[in-house]
1. Viscosity 0.692 mPa s, temperature 37 °C: give me the Stokes-Einstein translational D for segment 1-40 in µm²/s, with Rh taken as the Kirkwood radius over C-alpha pairs.
2. How much accessible area per residue does segment 1-99 have, in Å², with a 1.4 Å probe?
3. Return the calculated 222 nm mean residue ellipticity for the chain, to the nearest 500 deg cm²/dmol, obtained by summing -39500 (n - 2.57) across DSSP H runs with n ≥ 4 and dividing by the residue count.
4. Roughly speaking, to the nearest percent, how much of the chain's 1.4 Å accessible area is carbon and sulfur?
5. What value does the chain have for Rg/Rh, both radii from Cα atoms and Rh as Kirkwood defines it?
6. Less than 25 Å apart at the alpha-carbon level, and either on another chain or at least 8 residues along: which lysines does that give for residue 304?
7. What does the accessible area per residue of segment 206-361 come to in Å², with a 1.4 Å probe and no ligands, DNA or RNA counted?
8. Starting from the Cα of residue 206, step 7 Å along the direction of its Cβ; do the same at residue 284; then give the gap between the two resulting points in nm.
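The values are calculated or read from the model by the stated rules, or taken from the named source; none is laboratory data. The model shown is predicted, which means the values in this text are computed figures rather than measured ones. In this analysis, Cβ positions are derived from the backbone assuming ideal geometry, glycine residues included, and neighbour counts consider all displayed protein chains. Just the protein is used for accessible areas: all its heavy atoms, side chains included, with ligands, DNA and RNA removed. Shrake-Rupley method; radii C 1.70, N 1.55, O 1.52, S 1.80 Å.
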Amino acid sequence: MCILITREQIVEALIDLVEPTSCRSFAELQWIRDVMIKPEQVSMTIVLSPDAADASVREQVTEAAKAKLASIGVEQAHIRIRLASEQELEQAGLREPKSSVTRDPHAPQGHGANLEELSPLLNPERNVTFIAVASGKGGVGKSTVTVNLAVAMSRLGKKVGLIDADIYGFSVPDMMGIEDRPIVENERVIPIERFGVQIMSMGFFVEDNSPVVWRGPMLGKMLRNFFAEVAWGDLDVVLLDLPPGTGDVALDIHQMIPQSKEIIVTTPHGTAAFVAARAGTMAMSTNHEIIGVVENMAYMQCGKCGEKEYVFGRGGGGKLAEALHVPLLAQIPLGAADNHPQEPDFSPSVYKADHTIGQMYIELAQSLIDRGQV
Ligand SMILES: Nc1ncnc2c1ncn2[C@@H]1O[C@H](COP(=O)(O)OP(=O)(O)OP(=O)(O)O)[C@@H](O)[C@H]1O
Ligand SMILES: [Mg+2]
């Protein structure tokens, strides 16, 4: 299939696709976003009001959009659904402007106050380095890279914090084998320490791994809380594990921590790198410095002969780094962490310091220190 079609034709085809809560067209609301036309596929984001966000509505909207696109010859359409932010709802006239909205009694404390005042961590005088680990693509190893880079920096003597900013899809507690829950002292939550890293995750506050079903704006509040309500110790660097894509959380991070730098993770496959690049484009558009690219799952080392097998293709990380004009910081191969549940401090995803991949993370951490990034 080769698609010869314009963005306007796509929006025109979707003109009578109606947003269920407002009964207005998505096109009129300007809630058809990020339209990308590639020879083999059209992709886009459709923004949905949080009031209509249950799974069946999402599916209906996705299917209806695909059917309309098929009618103009688009056979392969990738539709992402994202919830409207408070600002987008206001702009669309679906919410009263903030000033006249009564404060949500369930909203976490500190919302609306100056974050820097609430969290000394964000005070520029403290000189804490923030590094968000991002990718436009899911499942490429952002969390694995964040966790292992944090531990490696700690092994090199840095005081490291880790924020699991994947509020819906938190995975850091499981990956690091954390079963404890944080305690509260003087009305502040004390982060959990593991392998010398101070960690905060939504997973600490959810019972039995039940899914988090908050609405979009709540995410931003939770993130604010991770700064305002947490007693972070004295830190040199904070790593943030971002959810996939360039949605609300990534935007919130960009706004809350304008000084944050970014590492982009990709696998070596060309398409993965193409999708991963969106996070880079977003970082550039918001003037965030991209430190570099980490290519994860770069190859598999054959046990006997030591030869590299390029299971997921080759070259994606290099190409992405070139396109973003940043260095390719590391190429991490496929490999299990080889930890055993019986070990003290068992963690499924943290490579030991003497593991080949653990060593690579230490080299990566050292190279960031040598470059003056941390
Ligand atoms: N180098 C590697 N070798 C082997 N397995 C890996 C490697 N990197 C990541 N994985 C595995 O791949 C899966 C996805 O990794 P991870 O959860 O870190 O990705 P992610 O980008 O954070 O995903 P999401 O987009 O869902 O947040 C996990 O099961 C992880 O253990
Ligand atoms: Mg993740």
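1. Working: Rh = 11.0 Å.
Reported coefficient: 297 µm²/s.
2. Details: 5300 Å² over 99 residues.
Per residue, segment 1-99 has 53 Å² of solvent-accessible surface.
3. Estimated from H runs of four or more residues: -9000 deg cm²/dmol.
4. Working: 8930 of 17860 Å².
Result for the chain: 50 percent of the exposed heavy-atom area is carbon or sulfur.
5. Numbers: Rg = 21.6 Å, Rh = 22.1 Å.
My calculation puts Rg/Rh at 0.98.
6. Output for residue 304: 352.
7. Numbers: 7160 Å² over 156 residues.
Value returned for segment 206-361: 46 Å² of accessible area per residue.
8. Roughly 3.3 nm, to one decimal.
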